[in-house]
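As structure tokens, the structure follows; a few thoughts come after it.
The values are calculated or read from the model by the stated rules, or taken from the named source; none is laboratory data. Predicted, not measured: the structure shown is a model, and the values here were computed from it. Quick reminder, even Gly has a Cβ in these numbers, built from the backbone with ideal geometry, and neighbours come from all protein chains shown. Protein only, heavy atoms only, side chains kept; ligands, DNA and RNA dropped before computing areas. Shrake-Rupley method; radii C 1.70, N 1.55, O 1.52, S 1.80 Å.
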Amino acid sequence: MFTRKCEMCGMEFQTASSRAKYCIYCRDKAQVNRNRAYAEKKKAGASVTIGSEQICPLCGKPYTVTSGSQKYCKECTESRKRKKAQPTAEYIKENYDYIRFNVPKGEGDEIKAYAQKRGMTIKQLLLTALEEYKSNHSKEL
């Protein structure tokens, strides 16, 4: 559970969501405000209709709007996407344990192929197998 402070009234509240902004008393008020703002924007003609032609502010090329929040053409959107930063060695050392084990010659490739067939990494496969083992043998532990 997360403890948050309501952006509207300032009251502290508990929530299971890490993205909650409003307490239970202000959520409906916030939704009414969002709906009102949208209606005013639509009435003023400032909202963009899906399927309409727009000009990309970055490259100047015309594009067809495919989403209500779309601001750029597909090419510019792809180039603007942030790549997820890799964790530093220091972060990994502080937050994770490192386990290394050996398997008989030739079995490593079989394990990799097995994991790939199931759309998993070897690490995911081993952690899943461990959880399954724990759940099936919980009485023995």
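Please go through segment 34-141 and write out the GluC sites (Glu not before Pro) that DSSP classes as loop and that have at most 15 other C-beta atoms within 10 Å. Don't skip to the end; give the middle numbers.
Values: sites: GLU40, GLU53, GLU75, GLU78, GLU90, GLU94, GLU107, GLU110, GLU131, GLU132, GLU140; in loops: GLU140.
Sites meeting the loop and neighbour criteria: GLU140.
Mind checking the per residue accessible area of the chain for me, 1.4 Å probe, whole number of Å²?
Numbers: 12910 Å² over 141 residues.
So the chain comes to 92 Å² accessible per residue, rounded to a whole number.
Could you tell me what percent of the accessible area of segment 6-141 is made up of carbon and sulfur, with a 1.4 Å probe and every protein chain present?
Working: 6400 of 12380 Å².
Answer for segment 6-141 is 52 percent, counting heavy atoms of protein chains only.
What is segment 1-89 by shape, rounded, prolate or oblate, if you read a ≥ b ≥ c off the alpha carbon gyration tensor as root eigenvalues and call it rounded for a/c under 1.5, prolate for a/b larger than b/c, and oblate otherwise?
Numbers: a/c = 3.93, a/b = 1.34, b/c = 2.93.
It is oblate, given that a/c is not under 1.5 and a/b is not larger than b/c.
Measure out, as a whole number of angstrom, how far apart the alpha-carbon centroids of segment 10-25 and segment 47-123 sit.
Result: 30 Å between the Cα centres.
Counting alpha carbon pairs within less than 8 Å and at least 6 residues apart, what relative contact order, in whole percent, applies to the chain?
Working: 88 pairs, mean separation 12.5, N = 141.
With pairs under 8 Å counted, the relative contact order is 9 percent.
Sum up the charges of everything whose Cβ sits under 14 Å from the Cβ of ARG118, counting Lys and Arg as +1 and Asp and Glu as -1, but leave ARG118 out. Please list the in-between numbers first.
Numbers: positive: LYS112, LYS117, LYS123; negative: GLU110, GLU132.
Value of the local net charge: +1.
What's the longest piece of the chain with no exposed trypsin sites (Lys or Arg not before Pro), counting a site as exposed if DSSP puts it in a loop and it has at most 12 other beta carbons within 10 Å? The partial results should precede the final answer.
Numbers: sites that count: ARG19, LYS81, ARG82, LYS83, LYS84, ARG100, LYS105, ARG118, LYS139.
In short, 20-80.
Pairs to check: LYS43/LYS71; LYS84/LYS112; LYS41/LYS83; LYS5/LYS29; LYS21/LYS42; LYS84/LYS123. Give those whose C-alpha atoms are more than 23 Å from each other in this structure.
Values: LYS43/LYS71 20 Å; LYS84/LYS112 25 Å; LYS41/LYS83 33 Å; LYS5/LYS29 16 Å; LYS21/LYS42 25 Å; LYS84/LYS123 20 Å.
Checking Cα-Cα distances, LYS84/LYS112; LYS41/LYS83; LYS21/LYS42 exceed 23 Å.
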